[in-house]
Amino acid sequence: MRFKSLGSGSKGNATLVEAGGLIPFRLLVDCGLGIRQLALRLAEAGLQLDDIDAVFITHEHGDHVGCVRALALRQRIPVWMSRGTFAAMGMPDFDGLLRSAADGQAIDLGGLEVMPFTVPHDAREPLQLSCTDGSAKLGIVTDLGHATPQVMGHLQSCHALLLESNHDTELLNQSAYPPFLKRRVGGDFGHLSNAAAAGMASALMHGGLRHLVAAHLSAQNNRPELVRQALSAALGCHGSEIVLADASSGTPWLQA
């Protein structure tokens, strides 16, 4: 199993997960890009829109849903999301392609099993997920305000982890954001700070963890060197070993 961020940040999030052999199955986790931009970024990875087999939407915010309906209808592929997310999107017509995802209910995609779990975030019914092909486990957590015991339980024993490291608390507090937005971003239902991400990474560290990818970095309230510093200190590794998901180019392919 391998994965690749196609872009991560407030302007759009999308992660591709690929499992299988000669005929791989490809799951797109979130679809926060325009369809033309999605096609361009897939092309950079040697793929086309036709190569996506299914989509999983974590929550209804625009930087995660983007072109999902257009993609699903154009390619005739199923889309998984929670009932709350669907309602918050205004219950758009997916022409029979919508599938319901729920906390703790595994989704068998044929060679790839997805386990959704609830996270604390200011959305209707947000879910994040882990994926396994039977030999490796990938955790994806890009929008949450804090780590609950349930979240930590679902992320145990991951071989790769794509983890939000949204903001530096000091930069956020000193920013030009209005007070309500600072409270929202830094609150228990907002986004993870570098320090909070480092705490999670430290608690989840084990000998089999191959890749830690820092995602959803704020362009205004974070800096790459601060992310690397916080996470590398938590894991006891060099900063260069921390992969950063770029807003426009994502990451290279990584093996889980």
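Here C31 meets each of (1) over 21 Å from L97 (Cα atoms); (2) in contact (Cβ under 8 Å) with a residue 40 or more places away in the chain; (3) in contact with a Cys (Cβ under 9 Å, 6 or more places away or on another chain); (4) not acidic (D, E) with one exception, condition (1).
Return yes or no: is P116 in contact with an Asp or Glu (Cβ under 8 Å, 6 or more places away or on another chain) and assigned to a loop (DSSP other than H, G, I, E, B)? Answer is no for this residue. From the list A195, A215, the lone residue that is in contact (Cβ under 8 Å) with a residue 12 or more places away in the chain and in contact with an Asp or Glu (Cβ under 8 Å, 6 or more places away or on another chain) is A215. Do we have L27 as under 20 Å from K4 (Cα atoms), surrounded by fewer than 18 Cβ atoms within 10 Å (Cβ to Cβ), in contact with a Leu (Cβ under 7 Å, 6 or more places away or on another chain) and modelled with pLDDT of 95 or more here? No.
May I ask you to verify whether L235 is touching a Leu at 6+ places or on another chain (Cβ under 8 Å), surrounded by 14 or more Cβ atoms within 10 Å (Cβ to Cβ), closer than 16 Å to M200 by Cβ and at pLDDT below 95? It is true that L235 is touching a Leu at 6+ places or on another chain (Cβ under 8 Å), surrounded by 14 or more Cβ atoms within 10 Å (Cβ to Cβ), closer than 16 Å to M200 by Cβ and at pLDDT below 95. Candidates are the residues of segment 121-133 that are more than 14 Å from the chain's Cα centre (by Cα) and in a loop (DSSP other than H, G, I, E, B); the one that is nearest to G104 (Cα to Cα) is E125.
Within segment 34-61, the residues that satisfy the criterion of being closer than 16 Å to I77 by Cα, of a type outside the set (A, V, I, L, M) and either part of a helix (DSSP H, G or I) or touching an Asp or Glu at 6+ places or on another chain (Cβ under 6 Å) (or both) are D50, D51.
Entry remark, segment 1-23: residues being assigned to a loop (DSSP other than H, G, I, E, B) and small (G, A, S) number 6 in total.
Among the residues of segment 62-87, those identified as part of a loop (DSSP other than H, G, I, E, B) and out of contact with any Ser or Thr (no Cβ under 9 Å at 6 or more places or on another chain) are G66, C67, R76, I77, P78. If the condition is being aromatic (F, W, Y) and surrounded by fewer than 15 Cβ atoms within 10 Å (Cβ to Cβ), then segment 141-193 contributes only F180.
One residue stands out in segment 134-188 among those that are touching a Ser or Thr at 6+ places or on another chain (Cβ under 6 Å) and assigned to a helix (DSSP H, G or I): the one that is farthest from G199 (Cα to Cα), namely H154. Every test in (1) free of Cβ contacts under 8 Å to residues at least 12 places away in the same chain; (2) part of a loop (DSSP other than H, G, I, E, B); (3) within 24 Å of A247 (Cβ to Cβ) is passed by G90 save one, and that test is (3).
The values are calculated or read from the model by the stated rules, or taken from the named source; none is laboratory data. Quantities reported herein were computed from a predicted structural model and do not represent experimental measurements. Note: ideal-geometry Cβ built from the backbone for every residue, glycine included; neighbour counts use all protein chains shown.
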